[in-house]
Amino acid sequence: METKRLAGLEPAAVFHYFEEICAIPHGSRNTKKISDYLVDFAKEYGLRYIQDAANNVILFGNGTCGMENHAPVILQGHMDMVCEKNREVEFDFEKDAIRTLIDGDWLRADGTTTLGGDDGIAVAYALALLADDTIPHPPLEVIITVDEEIGMLGADVIDLSELKGRTMINLDSEDEGIFTVSCAGGATAT
């Protein structure tokens with residue numbers, strides 16, 4: 001992996017994981033490597049996980065001290081990203097890492113019109129929370145689906161029967177400070 005370009009950004013753990021995610025090509029229909037990365041994360045932290053044939057991943061984290069017996073909360077995001085680049089740039093979304101760049105107060109991608117923040121930042125937030133037992137939280141059930149950008153294909157096939165949580169926070173919002181607590185669904189038109 002190249003030099004840590006996001007070192008110094010806060011929250012540090014979130015940007016650490018976001019930078020790791022940016023290093024893994026993860027466009028729609030190219031999610032095996034990012035899915036395996038999530039499984040490796042689960043193994044490293046001793047978390048129970050489910051990885052299905054579509055590459056969807058569910059991570060189960062224990063509650064922190066004093067919150068172990070609270071009702072689980074579901075965090076949801078997706079691992080795929082839109083793949084768009086500038087015309088003059090040679091870039092292969094199947095093989096190349098997103099090159100991040102800090103531009104004043106903005107985090108951008110160098111040479112691509114997409115950073116993968118939709119929804120890599122949700123995945124990074126969830127991983128940072130699962131990895132840190134000093135942030136108080138109840139048990140977590142983290143759903144990370146595939147192929148959302150091309151029609152919520154992963155959400156269509158994922159088996160959620162092992163989830164116990166009844167409160168879900170969708171981490172796929174377009175606006176800072178906005179949490180989506182429900183979804184009316186999606187539609188595909190031809």
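Just need the relative contact order of the chain here, percent rounded to a whole number, with Cα pairs under 8 Å and 6+ apart.
29 percent
Starting at the first residue of the range 110-115, write each ³J(HN,Hα) from the Karplus equation 6.51 cos²θ - 1.76 cosθ + 1.60 with θ = phi - 60°, in whole Hz, x for Gly and Pro.
Result, ordered by residue: 8, x, 10, 7, 10, 9 Hz.
What list of ³J(HN,Hα) values in whole Hz, one per residue of the range 89-95 in order, does the Karplus curve 6.51 cos²θ - 1.76 cosθ + 1.60 (θ = phi - 60°) give from phi, with Gly and Pro shown as x?
9, 8, 7, 10, 5, 7, 10
Report, ordered by chain and residue number, the lysines lying within cross-link reach of Lys32, taken as a straight Cα distance under 19 Å and ignoring same-chain residues fewer than 8 apart.
Within the straight-line cut-off, Lys32 pairs with Lys43, Lys95.
Using unit Cβ charges (K, R positive; D, E negative) and no other charged atoms, how large, in debye to the nearest 20, is the dipole of the range 1-88 about its Cα centre?
With only Lys, Arg, Asp and Glu charged at Cβ, the dipole is about 180 debye.
In whole Å, what are the extents of the range 14-145 along the principal axes defined by its C-alpha atoms, from largest to smallest?
Principal axes ranked by extent give 54, 38, 21 Å for the Cα atoms.
Say the dipole of the range 41-190 comes from +1 at the beta carbon of Lys and Arg and -1 at that of Asp and Glu; which of Leu47, Leu153, Val57 then lies farthest toward its positive end?
Comparing the listed Cα positions along the dipole, Leu47 ranks first.
Which cross-chain or sequence-distant (5 or more) residues have an amide H under 5 Å from the amide H of Met81, H modelled 1.01 Å from N in plane?
Gly27, Ser28
Quick one: which residues, 5 or more positions from Met168 or on another chain, have an amide H under 5 Å from its amide H? H modelled 1.01 Å from N in the peptide plane, none for Pro or chain starts.
Result for Met168 returns Ile74.
Would you pull out the residues with amide H under 5 Å of Arg99's amide H, same chain only if 5 or more places away, H placed 1.01 Å from N?
Result for Arg99 returns Asp110.
Suppose a student asked you for the relative contact order of the range 30-70, using Cα pairs under 8 Å spaced at least 6 residues apart; what percent would you report?
30 percent
Quick one: dipole size for the chain, taken about the Cα centre, charges +1 on Lys/Arg Cβ and -1 on Asp/Glu Cβ, in debye to the nearest 20.
Dipole size: approximately 360 debye.
Which whole-number value in Å² is the accessible area per residue of the chain, probe 1.4 Å?
For the chain, the solvent-accessible area averages 57 Å² per residue.
Please turn the phi angles of the range 158-172 into ³J(HN,Hα) values with the Karplus equation 6.51 cos²θ - 1.76 cosθ + 1.60 (θ = phi - 60°), one per residue in order, whole Hz, x for glycine and proline.
6, 9, 9, 5, 8, 6, 10, x, 10, 10, 10, 10, 7, 9, 10
State the antiparallel share, in %, of DSSP beta bridges confined to the chain, rounding to the nearest 5.
Approximately 60 percent, going by the DSSP bridge assignments.
Can you check what the net charge comes to around His16, using other residues whose Cβ is under 13 Å from the Cβ of His16 (Lys, Arg +1; Asp, Glu -1)?
Spelling it out: positives minus negatives among the neighbours equals -2.
With a 1.4 Å probe and every protein chain kept in, tell me what percent of the accessible surface of the chain is carbon plus sulfur.
51 percent
The values are calculated or read from the model by the stated rules, or taken from the named source; none is laboratory data. Keep in mind that this is a model prediction, so the values were computed, not measured. Cβ sites come from the backbone with ideal geometry, for glycine too, and all protein chains shown count toward neighbours. Heavy atoms of the whole protein, side chains included, go into the accessibility calculation; ligands, DNA and RNA do not. Shrake-Rupley method; radii C 1.70, N 1.55, O 1.52, S 1.80 Å.
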